[in-house]
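*Asks:* Dropping the structure in here first, questions after.
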Amino acid sequence: MTVDLLERGLVLFSAPASPYPLRVRIALEEARAKYDFVSFPLDQRPEDYVKNIYPAGKVPSLVHGAVESFPAGKLTPGSDVIIESLVILEFLVDLFPNAGLLPKDPAKRSKARVFMNILNLRMPDDIGTWLMNKDDGSAYLDLLESVQALLPEEGYAVGEWSIADAALLPFLLWMPIIVKTGIGYWVRLNDVENVKTQWASPRFDRLRRYYEDSLARPSTKATWNEEFVTKHWLDRFAKGLQ
């Protein structure tokens, strides 16, 4: 017997405070999907996860089907594993075609995908360059400005909410954590102050408004815990100093 796609379960594998699985969780919440959620530190990932789910050991991965036992037992027959956060977002669009994860207008759908492609090409590297103390924050600020330039005057990435916003928001949510704490023991404090000042300036009025609108969505409230993420990374960096 063929099982309808929507009758198969969803299991999302994640890691604490990682932005990539958060992309997927936000989209799942927007789709009002039922799913199981398994999270573990990547340096403590279960051996069964690598053996049975994702040999590369990365997150996120999304099982479409079922897992025999948690946290990462064998897949049941007919189950599929989807990897890479942006690929998973596109998969969810197909799985939940009426959930509004992409606009119905073909041109807007294309714009959403271009938006995600730009993020995929630039955002992780630019943030990493700054946090690894190879840049004074200029690359990060320039990136934020280029993202802001892609936004319409009102609304989200392509006007109405889409998976393009799920792709962007987890990285944007880091901004207040960075400027409040100077998180990362390799970050120079004067650079943090510069980024903080710039973020609060008229230069980023539109992007801050986008941030506040996104933060107010139920999907963000259900998945984002700034206090937990801040504590997680401060603890991790503190261990690195010992």
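The values are calculated or read from the model by the stated rules, or taken from the named source; none is laboratory data. Not measured: the values here are computed from a predicted model. Reconstructed Cβ throughout: ideal geometry from the backbone, glycine too, with neighbour counts over all protein chains shown.
*Asks:* Just the residues that are assigned to a helix (DSSP H, G or I) and buried (at least 18 other Cβ atoms within 10 Å of the Cβ), please, taken from the stretch 92-112.
*Replies:* Answer for the stretch 92-112, where residues must be assigned to a helix (DSSP H, G or I) and buried (at least 18 other Cβ atoms within 10 Å of the Cβ): LEU92, VAL93, LEU95, LYS111, ALA112.
*Asks:* Give me the pairs, please: first residue somewhere in the stretch 42-69 and modelled with pLDDT under 85, second residue anywhere and hydrophobic (A, V, I, L, M, F, W, C) and outside any strand (DSSP E or B), beta-carbon distance under 8 Å, and either six or more positions apart or on two chains.
*Replies:* LEU42/ALA15; LEU42/VAL59; VAL67/ILE53
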